[in-house]
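So the structure is just underneath, and the comments pick up after that.
Derivation of every value follows stated rules applied to the coordinates shown; laboratory data play no part. In this text the structure is predicted, and so the values were computed from the model without any measurement. Here the Cβ is made from the backbone with ideal geometry for all residues, glycine too, and neighbour counts use every protein chain on show.
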Amino acid sequence: MRAHKIAALTASLALTASVAACSSSGSSSSDGGQVTLNYAIWDQTQESAMQKIIAAFEKQNPDIKVDIQLTPYADYFTKLQTAASGGSAPDVFWMNGPNFQLYAANGQLMPLSSLGVKTADYPSSMVSLYTYGNTLYGIPKDFDTVGLWYNKALFDAAGVAYPTANWTWADFQAAAAKLTDKAKGVYGVGATLEGQEDYYDTIFQAGGQVISADGKSSGYDSPASISGIQFWTNLIAKGDSPSLAQMNDTATIDMFESGKLAMYWGGSWDAVAFAGNANTKSNVDVTVLPEGVKRATVIHGLANVVYAKTAHPQQAEKFEQFLGSQQAADIEADTGTVIPAYNGTQQTWVKAYPQYDLQSFLDELPYAVPYPISKDTAAWNALEATDLTKAWDLSESAAAAAAQLSSGMNQALAKEGS
Amino acid sequence: MTEMATRDVAGPAGSRNASRAASPKGGAAPAAGRRRRGRGRGPNTSAWWALFFLAPTGIGLGVFYIWPVIQTFYYSFTSWGPFGGHTFTGLANYRSLLHDPALSSAFLNTLWYCLLGLLGIPVSLVLAQVLGRRGRKGVSVYRTLMFLPVITMPAAVAIVWRWLYNGDYGLVDELLSKVGIKGPYWISDPHTALIAVAIVGIWSTVGYNMVVLMAGIQGIPRTYYEAAELDGAGPVRQFLSVTLPLLTPSIFFVMVYSVIGSLQTFDLIYVLIGPTNAALPQSQSVIYLFYQDSFINNNRGYGAAMAFVLMLVVIAVTGLQFRLQKRWVHYG
């Protein structure tokens with residue numbers, strides 16, 4: 001009897017203890033003087049570069065340990081916002097343009113004014129992207145532009161000359177038509193339903209805009225913007241791109257990597273994945289985007305930010321500073337994953353994959369247009385997904401979808417206030 | 001059979017239980033209770049012990065189920081900022097629910113998931129009948145195979161089915177093309193997406209239903225079949241006149257369970273369909289919309305209202321099923 005009681009007591013104590021253990025797995029922990037920081041990122045291809053940077057940091061700071069939290073981009077900001085609402089976001093994390101102002105305006109990010117960051121070390125467009133109300137909240141990590149990736153073997157097979165820096169929209173469209181060979185399941189290009197790599201670029205090239213300069217009204221209703229959208233929907237309608245259903249079943253980047261797409265509009269960050277794939281390792285190359293009414297590409301970049309409510313502000317700031325250093329940028333450049341934001345280290349990145357003309361991404365800088373954002377970018381990004389889907393599956397004209405998107409976006413922007 | 005045997009052997013214990021059942025409310029008669037427990041120290045200590053042992057489950061239930069329901073009810077009258085903090089807005093959320101066209105179509109889609117999900121029950125019934133017989137060669141292998149989807153993570157299931165459903169390289173369309181049918185882009189075509197999701201839903205619950213029905217079939221006393229056989233009933237007649245009527249309690253349970261499961265369809269849609277899919281409006285469920293509104297658009301209060309309405313619908317549908325069961329369920 002007594003033994004039974006003791007056993008029962010022990011069992012229920014064990015239960016209670018395990019429940020208590022669950023609740024103590026907060027954002028960070030420290031024991032015996034050593035502090036563990038959590039660092040949230042979303043790109044798996046960059047994980048090893050980040051791991052190398054952390055190793056260098058830990059060597060200099062033996063009392064700080066950094067753990068990477070990798071969350072795929074699709075869920076990254078949903079998870080982050082939920083964690084931040086509960087006061088337990090990671091100590092240091094990646095931030096992007098569309099989400100920056102939301103976090104900065106709501107006091108989730110630590111101001112970095114006391115760190116003495118030399119803003120001249122980074123491209124000015126990146127510094128202004130991560131400045132809110134004259135305060136810097138993030139140190140630029142990298143930047144990226146969009147280029148025209150192409151499959152040399154498919155161009156050779158179709159007898160089409162490789163794209164050049166002088167290509168116009170007409171050259172591009174003619175080549176896409178010639179390269180399409182439906183019997184073999186090969187298409188000229190994939191019209192991905194994606195802003196940054198596809199329709200933002202063409203809207204800017206057509207002379208249109210996504211959001212007005214003051215960030216208060218939608219730019220989708222202008223004829224120029226509509227022609228930027230039609231650029232893609234026409235390719236789908238003509239059959240030079242797979243249909244939206246096909247691209248939904250198989251991602252366009254997968255089609256390009258398996259030799260089913262002759263051309264792919266992709267970012268500078270794609271170089272590392274293409275170089276690691278036997279099909280694209282030496283078979284593909286890249287050049288600048290074709291010229292529309294004018295030349296344009298989207299420029300965007302990430303920053304490292306510190307959580308305002310971190311339990312270890314000093315250690316987090318130390319790590320933040322290291323992430324913004326030239327040493328970290330050099331490690332990043334060597335791996336060829338992304339173009340580091342630290343001025344002077346970009347050439348190292350260009351040389352990381354000599355088989356690709358990566359200089360093209362830097363050649364585009366003079367006419368690069370900043371990624372369109374507002375205080376609550378996610379609200380109208382969701383509308384872009386729903387409304388433009390109707391133009392992409394050809395159930396509505398580009399003009400009708402753009403008109404609907406424009407009015408919905410204006411309503412969303414009005415809600416943001418000042 | 002075995003149950004009866006043990007009860008017969010434990011004769012005295014059995015009669016003690018019977019005397020307990022005779023008193024209207026179990027432990028209401030303290031004298032009987034004390035005598036029954038023998039070694040105990042009175043009913044009070046026993047009640048405390050009962051509470052003590054119930055506590056881990058009870059506290060868990062309270063903290064993780066009941067308290068959130070109360071909180072959700074309160075939050076459904078509030079409006080939320082992007083990083084928490086809320087203001088009371090009265091019935092505003094419920095008013096906008098009434099005018100949300102996406103919600104009414106999501107309810108319609110969810111209704112379809114329920115109806116299509118019910119088609120899984122006849123399938124499970126046939127499987128239970130075929131795999132329920134003992135002694136057949138390899139029967140446990142097939143039972144395991146049928147049950148495997150139940151214990152597999154829905155996200156993993158959905159990823160594998162995404163490949164199977166692929167319109168260009170998928171196995172499903174490949175097999176269809178062997179018989180000369182050009183298969184659709186199952187999960188990207190607005191006409192087929194809902195059916196495609198429902199098929200995966202059925203596939204992953206058939207194993208569970210099968211086990212419940214199998215247990216039901218095995219619980220039917222052998223004597224009924226012997227009597228039916230004497231009356232000259234063949235296997236089909238036996239199934240229709242003995243098995244089916246006596247299995248109705250199990251079928252009813254499976255039905256209630258399947259409808260509640262279908263009303264909560266989410267993960268399959270999240271992984272199979274995805275946000276930039278032209279078929280999303282024709283296939284999203286109420287829970288998907290709830291996720292979209294509360295976690296992507298950060299309308300937590302609105303999401304809470306939606307969740308609460310869905311809870312009322314679940315209660316109403318289940319209540320209706322319990323009323324209707326009187327007409328067709330036989331408790332042998």
**Prompt:** When you look at the Cβ of every residue in A:185-194, what mean number of other chain Cβ atoms sits within 10 Å?
**Reply:** 1
**Item:** Test item: Cα-centred dipole of segment B:100-328, Lys/Arg +1 and Asp/Glu -1 on Cβ, debye
**Value:** 700
**Item:** Over segment B:100-328, relative contact order from alpha-carbon pairs under 8 Å, at least 6 apart, %
**Value:** 30
**Request:** Convert 20 °C to kelvin, take the viscosity as 1.002 mPa s, use the Kirkwood radius over C-alpha pairs of chain B as Rh, and evaluate the Stokes-Einstein diffusion coefficient in µm²/s, rounded to a whole number.
**Result:** 88
**Cβ-based charge dipole, chain A, positive-most Cα from A:333, A:74, A:39** = A:39
**Prompt:** What are the residues whose amide H is under 5 Å from the amide H of residue A:40, where those residues sit 5 or more places off or on another chain and H is modelled from the backbone?
**Reply:** A:69, A:92, A:93, A:94
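R0 = 56 Å: FRET efficiency of residue A:161 with residue A:411, Cβ-based, nearest 0.05?
Approximately 0.75, to the nearest 0.05.
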**Prompt:** In nm, to one decimal, how far is the residue A:58 label point from the residue B:147 one, both placed 7 Å along Cα→Cβ?
**Reply:** 4.3
**At R0 = 35 Å, FRET efficiency that the Cβ-Cβ distance of residue B:264 and residue A:254 yields, to 0.05** = 0.65
**Message:** Please check: in the Gaussian network model of chain B (C-alpha springs, under 10 Å), which one of B:307, B:215, B:228 has the largest mean-square fluctuation.
**Reply:** B:228
**Fill in**
For the residue A:234, residue A:68 Cβ pair and Förster radius 60 Å, calculated FRET efficiency rounded to 0.05 is 0.90
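Going by how many other Cβ atoms sit within 10 Å of their own, how do A:148, B:164 line up, fewest first?
Going from sparsest to densest Cβ surroundings: B:164, A:148.
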**Item:** Packing-based exposure ordering (other Cβ within 10 Å, fewest first) of B:268, B:148, B:131, A:394
**Value:** B:148, A:394, B:131, B:268
**Prompt:** Given charges of +1 on the Cβ of Lys and Arg and -1 on the Cβ of Asp and Glu, with all other atoms neutral, how large is the dipole of the protein assembly as shown about its Cα centre, in debye to the nearest 20?
**Reply:** 5080
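Determine the gain in length on full extension of the stretch residue A:119-residue A:171; use 0.36 nm per residue of separation and subtract their C-alpha separation, reporting nm with one decimal.
14.7 nm
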**Request:** Hey, could you get me the Stokes-Einstein D for the protein assembly as shown, Kirkwood radius over alpha-carbon pairs, 4 °C and 1.567 mPa s, rounded to whole µm² s⁻¹?
**Result:** 43
**Fill in**
Other residues with Cβ under 12 Å from the Cβ of residue A:204 give, with Lys and Arg +1 and Asp and Glu -1, a net charge of -2
**Complete:** Rounded to the nearest Å, the spacing of the alpha-carbon centers of segment A:145-174 and segment A:36-63 is 38
**Item:** Long-range HN-HN contacts of residue A:136 with modeled amide H, under 5 Å
**Value:** A:112, A:113
**Asked** Any idea how far apart residue B:55 and residue B:237 come out in nm if each label point goes 7 Å out from Cα toward Cβ?
**Response** 6.2
**Point-to-point label distance, residue B:215-residue B:179, nm (Cα→Cβ direction, 7 Å offset)** = 3.6
**Request:** Only helical DSSP H runs with n ≥ 4 go in: add -39500 (n - 2.57) per run for chain A, normalise by residue count and round the 222 nm mean residue ellipticity to 500 deg cm²/dmol.
**Result:** -13500 deg cm²/dmol
**Item:** Ranked list, fewest to most other Cβ atoms within 10 Å of each Cβ, for B:113, B:225
**Value:** B:225, B:113
**Message:** Semi-axes of the equivalent ellipsoid for chain A, please: Cα gyration tensor eigenvalues, times 5, square-rooted, ordered largest first, whole Å.
**Reply:** 41, 25, 24
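Excluding residue A:58 itself, calculate the net charge of residues whose Cβ lies under 12 Å from the Cβ of residue A:58, where each Lys or Arg counts +1 and each Asp or Glu counts -1.
Here the charged neighbours net out to +2.
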**Item:** Tilt relative to chain A, helix A:2-23 - C-alpha long axis, 0 to 90 degrees, to 10
**Value:** 40
